[in-house]
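So the structure is just underneath, and the comments pick up after that.
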Amino acid sequence: MVQLDDPKLREALDEPEQLPRMSFGDHLDELRKRVIYSLLALLLATGAVMPFKGAVQEIILGPYRIQWRIGFEKWVDQLKAENAEGVLNAEGQEFLAYCLEHHDAIIEGTKKYTYVLKERSGYPIPYSLYATGGLEDILNYMWATLLFGFVIASPIIVWQIWAFIGAGLYKHERSVFYRYFPFMLFLAVCGVWFGYQVALPYSLGFLVSLMDPNQVGAIFSVGQYWSLLFMTTAAMGLVFQVPIVMLALQKVGLVRHQAFKKHWRMTIVVIAVLSAVFTPPEPVSMVLMMLPMVLLFVIGLVLTGIAERNRVAKYGPDVGAPA
């Protein structure tokens, strides 16, 4: 039973919070003001990023560079093994000598004239991306600056959104936002980081490993790579919200902790299907997305279990239980 003699609950029932009343026109004026502030912040942030084309593109190329360095190390090990076996020809020995001489600079990214690495080292994967059209590089850079500008301006944009929505919420509803939003933001950042540092590099590495350089040359265009990067990081940012979604479903009474436990097998199947749909068509990306989703589902089970025990302890087993 709900304890109606709880002072806090009685205060909430006896003295309901009065929200400000606004006409439809007032809502439109407020919305227009918030949108203008957000667009100005986005415009200024994007303009501040645009002069730094080299730095922005190096950040974007991070996952590609990770998979390239891993592949390059394997290539050097292969040359060493063939040389030790005495089957490396003169050309291969030239490749090996060049790789060993410049190994540290290549791995650290300080080697000059990296566009000759493919010919001098013999490693068949280009160090850089390729533009298949004259405008492909600049158009994708414009999209990248817009994304970077949005990230930089996101505190202002989020505040403007919250200022518009929060004015129409009760105090206890705002407290829910304050409680869960930092956790949501943390999970989103973790998801983007995982997609950037792990999922995309190893997915690219797997795709490259399937190609025989004597038959198919691995060349990634700027637009192709940008699409993979955005799709992977955005998908991982959303995937990492699984615990919050589970808690929200339990809070509103749609799904209880017992239901999550009962249907865990079906949940794993759904996770596998979603991983196949929202990743490039190859198994490594699917597995790299599926594993964290399963782990996050387990974390969600723990959190919903804690919330369920707290609810039962506070209100009893019948209050809030599904009909």
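In the set (1) of a type outside the set (Lys, Arg); (2) part of a helix (DSSP H, G or I); (3) at pLDDT below 75, Thr267 fails one condition alone, (3). Does Ile138 qualify as being within 30 Å of Gly47 (Cα to Cα), without any contact (Cβ under 8 Å) to a residue 24 or more places away in the chain and among the hydrophobic types (A, V, I, L, M, F, W, C)? Yes: the conditions hold for Ile138. Within the stretch 121-146, the set of residues being buried (at least 17 other Cβ atoms within 10 Å of the Cβ) and in a helix (DSSP H, G or I) comprises Ser121, Glu136, Asp137, Asn140, Tyr141, Ala144, Thr145.
Scan the stretch 36-73 for residues that are over 30 Å from Lys111 (Cβ atoms), surrounded by 14 or more Cβ atoms within 10 Å (Cβ to Cβ) and free of Cβ contacts under 8 Å to residues at least 60 places away in the same chain and the total you get is 0.
In the stretch 209-223, which residue that is outside any loop (DSSP other than H, G, I, E, B) and out of contact with any Phe, Trp or Tyr (no Cβ under 9 Å at 6 or more places or on another chain) is farthest from Ile66 (Cα to Cα)? Per the criteria, the residue is Gly223.
The rows are residues; the columns are (1) at pLDDT below 90; (2) within 38 Å of the chain's Cα centre (by Cα).
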site	(1), (2)
Lys8	yes, no
Gln18	yes, no
Arg34	yes, yes
Gly54	yes, yes
Gln78	no, yes
Ala84	no, no
Glu91	no, no
Leu100	no, yes
Ala105	no, yes
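Taking the stretch 228-264 as the search range and keeping residues that are without any contact (Cβ under 8 Å) to a residue 12 or more places away in the chain and not in a helix (DSSP H, G or I), which one is surrounded by the fewest Cβ atoms within 10 Å (Cβ to Cβ)? Across the stretch 228-264, the extreme among qualifying residues is Val252. Inspect all residues belonging to the stretch 238-257 and state whether any of them is farther than 28 Å from Ala45 by Cβ, in contact with a Pro (Cβ under 8 Å, 6 or more places away or on another chain) and of a type in the set (Lys, Arg). The answer is yes, given that some residue of the stretch 238-257 is farther than 28 Å from Ala45 by Cβ, in contact with a Pro (Cβ under 8 Å, 6 or more places away or on another chain) and of a type in the set (Lys, Arg).
Only one of these is in contact (Cβ under 8 Å) with a residue 12 or more places away in the chain, part of a helix (DSSP H, G or I) and exposed (fewer than 15 other Cβ atoms within 10 Å of the Cβ): Tyr196, Tyr180. Name it.
On the way: Tyr196 fails: exposed (fewer than 15 other Cβ atoms within 10 Å of the Cβ).
Testing whether each residue is in contact (Cβ under 8 Å) with a residue 12 or more places away in the chain, part of a helix (DSSP H, G or I) and exposed (fewer than 15 other Cβ atoms within 10 Å of the Cβ) leaves just Tyr180.
When Pro201 is tested against (1) touching a Pro at 6+ places or on another chain (Cβ under 9 Å); (2) touching a residue at least 40 places away in the same chain (Cβ under 8 Å); (3) farther than 16 Å from Thr232 by Cβ, exactly one condition is not met: (3). Each residue in the stretch 61-113 was checked for being of a type in the set (Val, Ile, Thr) and not in a helix (DSSP H, G or I), and 2 of them qualify.
Give just the number: which of (1) free of Cβ contacts under 8 Å to residues at least 60 places away in the same chain; (2) part of a helix (DSSP H, G or I); (3) over 30 Å from Leu296 (Cα atoms); (4) hydroxyl-bearing (Ser, Thr, Tyr) does Ser154 not satisfy? Among (1) free of Cβ contacts under 8 Å to residues at least 60 places away in the same chain; (2) part of a helix (DSSP H, G or I); (3) over 30 Å from Leu296 (Cα atoms); (4) hydroxyl-bearing (Ser, Thr, Tyr), Ser154 violates only (3).
The values are calculated or read from the model by the stated rules, or taken from the named source; none is laboratory data. All figures in this text were calculated on a predicted structure; none of them were measured in a lab. Methodologically, a virtual Cβ is constructed for each residue, glycine included, from the backbone with ideal geometry; neighbour enumeration extends over all protein chains shown.
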